[in-house]
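K.L.:
Pasting in a structure now, in structure tokens, and then I'll have a few things to ask.
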Amino acid sequence: MGAVGRLGMKRVSVIGLGKLGAPMAASIAARGFAVTAVDLDPRKVDCINRGVAPVKEPGLDQLLAEAKANLEATTDTVAAVSKSDVTFIVVATPSEEGGGFSLRYVLPTCQAIGQALARKHGYHLVILTSTVMPGSTGGAVREELERASGKKCGVDFGLCYSPEFIALGTVIRDFYNPDFVLIGESDPEAGKTLEGLYQQICKNSPKAARMNFINAEITKLAVNTYVTTKISYANMLARLCEKLPGADVNVVTDALGLDTRIGIKYLKGAVSYGGPCFPRDNRALAALATQKGASSGLAEATDKFNRAQIKSLAETVKAARVGNAAVGVLGLTYKVGTDVVEESFGLLLVRELSAAGIPVIVYDPMADLECAANGLGDVRVARNTEECISNSGVVVLATPWPEFGQVPADRWSGRDTPRVVIDCWRAFGYLNEVSGVSYVRLGYGGPEQNAQQKRKEFSSQVPA
């Protein structure tokens, strides 16, 4: 029996209006479901009820306009669950010191859901979307729902663990078009119901991988940890290519990607991965393996190599710097299309340079720059791209925002000495032809001139 047949009406509650929860609520409502969104932050609730995006995500404002007739928000979890048939839990699970994930927001949410279930008649499906440590869904989460409701999981209500594999900046597209949906189920009926629900919400008819809780929880961590290992492998190749004249990591990885056993996705040698998922999922899997007495060597090596990329580029910057020139860092978000700077390469590089006493100037078109730069030492925030460039002797293109490439070529040129531009993503190759610019692209072994040689030639052309 599908979702509509099992539930009767298409009524959904989404608890948590953060970077994932808000787009999820709007996406489900836009597909014709009656959605009640919940958050303890009155500002976010007010935004949803006014049709305004409570978080920055491309396309969310437009989607909220489409979903307006089917979407409402409240701070009352019990009320929202009481008037729905399906509840998604999308609250934060902060990383703990040992690498695991905290349930300090999940369990109070489960308590409120359980209180609503105690008063309800009929079947209700609870879906945990937040990433948790293996053993959590069938352990503390299920126990709290049963305790608060006085009902039996798998009999009186269903429980599923179903995390999303999305990237900030493309959340809506990724949610509607997943490669597959991962479902950990308390019982076959719960899994079948959720699979039917996804069939109505998703636009690409994805395959469903249904299994028990523990396997689903491991799979979520394993997917992201595999991707981080692949990213790090490409970065290792990039660092090797930089040491070999004529080597180009783009050529190498493009060829590797033709092998169907490898594939091209996430195989672009550049800089360290960051963001709210990859680093912490990798560390969580390593912590789990260590805790259970299994080998965690590969996950630990990936994390160690990833952290080393920051220091490696910092040394490259120091070697290219002349005198007391400031270093400009263009891009602080962990990727294009989002305002998130959590564990981003740009921010970590700024921290490393600032700690070494190097003056830094930063700019990013979406990040909260003042907040990001707070506590980083001698860091200046530029008003725009050109201000960051003109006040820097070395410029690092840390995030390849398209607007950086719209700066006129002559604005990149140095005055008395060539301005060193380090292109981490090899996205602005035209700068290699610009006079007064010493262009360095990561992952490339030449024949671009090194900064010292280009400075010497440039100085001979500048009138005394």
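K.L.:
Out of the residues in the stretch 17-73 that are small (Gly, Ala, Ser) and touching a strand residue (DSSP E or B) at 6+ places or on another chain (Cβ under 7 Å), state the one that is nearest to Leu128 (Cα to Cα).
P.N.:
In this case the residue turns out to be Gly21.
K.L.:
Separate question: Given the conditions (1) in a helix (DSSP H, G or I); (2) open to solvent by 20 Å² or more (accessible area, probe 1.4 Å); (3) over 23 Å from Ala289 (Cα atoms), and given that Ala208 satisfies all but one, which numbered condition is not satisfied?
P.N.:
Result: Ala208 passes all but (1).
K.L.:
How about the stretch 381-406: which of its residues are of a type in the set (Ser, Thr, Tyr) and in a loop (DSSP other than H, G, I, E, B)? Walk me through how you get there before you give the answer.
P.N.:
We begin by selecting, within the stretch 381-406, every residue of a type in the set (Ser, Thr, Tyr); these are 385, 390, 392, 399.
Within the stretch 381-406, Ser392, Thr399 qualify.
K.L.:
With respect to the numbered conditions (1) under 24 Å from Pro279 (Cα atoms); (2) open to solvent by less than 50 Å² (accessible area, probe 1.4 Å); (3) outside any strand (DSSP E or B); (4) not charged (D, E, K, R), which one is the sole condition not fulfilled by Leu431?
P.N.:
(1)
K.L.:
Just checking, how many residues over the stretch 222-263 are without any contact (Cβ under 8 Å) to a residue 24 or more places away in the chain and among the basic types (Lys, Arg)?
P.N.:
Final tally of qualifying residues: 1.
K.L.:
How many of the residues making up the stretch 139-178 are in a helix (DSSP H, G or I), open to solvent by less than 30 Å² (accessible area, probe 1.4 Å) and within 21 Å of Glu96 (Cα to Cα)?
P.N.:
The total comes to 2.
K.L.:
Is it the case that Glu343 is open to solvent by 50 Å² or more (accessible area, probe 1.4 Å), assigned to a helix (DSSP H, G or I) and not aliphatic (A, V, I, L, M)? Write out each step before concluding.
P.N.:
On the way: open to solvent by 50 Å² or more (accessible area, probe 1.4 Å): yes; assigned to a helix (DSSP H, G or I): no; not aliphatic (A, V, I, L, M): yes.
Considered against the rule, which asks whether it is open to solvent by 50 Å² or more (accessible area, probe 1.4 Å), assigned to a helix (DSSP H, G or I) and not aliphatic (A, V, I, L, M), Glu343 comes out as no.
K.L.:
Looking at Glu386, Glu370, Glu352, which one is more than 20 Å from Arg321 (Cβ to Cβ) and within 24 Å of the chain's Cα centre (by Cα)?
P.N.:
Glu370
K.L.:
Part of a helix (DSSP H, G or I), within 29 Å of Thr131 (Cα to Cα), open to solvent by 30 Å² or more (accessible area, probe 1.4 Å) and modelled with pLDDT of 95 or more - does that describe any residue in the stretch 243-260?
P.N.:
Restricting attention to the stretch 243-260, the residues satisfying the condition of being part of a helix (DSSP H, G or I) are 249-256.
Now restrict to residues that are within 29 Å of Thr131 (Cα to Cα): none.
No, the conditions are met nowhere in the stretch 243-260.
K.L.:
What's the number of the only condition in (1) over 20 Å from Ala148 (Cβ atoms); (2) surrounded by 20 or more Cβ atoms within 10 Å (Cβ to Cβ) that Arg43 fails to meet?
P.N.:
Of everything listed in (1) over 20 Å from Ala148 (Cβ atoms); (2) surrounded by 20 or more Cβ atoms within 10 Å (Cβ to Cβ), Arg43 misses just condition (2).
The values are calculated or read from the model by the stated rules, or taken from the named source; none is laboratory data. Since this is a predicted model, take the numbers as computed values, not measurements. Cβ atoms come from the backbone with ideal geometry, glycine included; neighbour counts cover every protein chain shown. Ligands, DNA and RNA are stripped out before the accessible areas are found, and what is left, the full protein with its side chains, is counted by its heavy atoms. Shrake-Rupley method; radii C 1.70, N 1.55, O 1.52, S 1.80 Å.
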